[in-house]
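Undergrad: Structure below; questions to follow.
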Amino acid sequence: MNLNPRTLTQTPPGVEEKPAAIGITIAAFVALYALNGVVNAVDSIPVVSGGLELVGLFVSAWFVYRYLIFQPDRQELKQNLGEFVDKVTGSRK
């Protein structure tokens, strides 16, 4: 897959089932709106929002310790990210 910005702005080839594609797009926006409401409701609970912030801090600290401090771990992270990008874009080396 070519990720050139010029090719990304071109219109994709024709979609055979346009009503289904429009319906899926609308459903995705409705789901995002509902999910936003749920997240805001959970965030308004004082104990839960503080707990989630604490969990986020611990996960961030673990990630830095696991992947960013030592050179071999950074190479492993680079390799894992490269493999993930290859899977997403469909290109195999």
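Undergrad: Inverting the mean 1/r over all pairs of different Cα atoms, compute the Kirkwood radius of segment 19-93 and quote it in Å. List each step's numbers first, then the result.
TA: On the way: mean 1/r = 0.0617 Å⁻¹.
Hydrodynamic radius (Kirkwood, Cα only) of segment 19-93 equals 16.2 Å.
Undergrad: Now for a different question. Using the Karplus curve 6.51 cos²θ - 1.76 cosθ + 1.60 with θ = phi - 60°, work out ³J(HN,Hα) for each residue of segment 39-48 in order, rounded to whole Hz, and write x for Gly and Pro.
TA: Each residue's phi maps through the Karplus curve to give 5, 5, 5, 5, 5, 6, 7, x, 5, 5 Hz.
Undergrad: Rounded to the nearest 0.05, what FRET efficiency do Q75 and V30 give with R0 = 35 Å and r taken as the Cβ-Cβ distance? Could you check?
TA: Numbers: r = 43 Å, r/R0 = 1.22.
According to the calculation, E is roughly 0.25.
Throughout, read-outs are computed from the coordinates displayed, never taken from laboratory work. Small disclaimer: the values here were computed from a predicted structure and weren't measured. Every residue, glycine among them, receives a Cβ derived from its backbone with ideal geometry; neighbour counts consider all protein chains shown.
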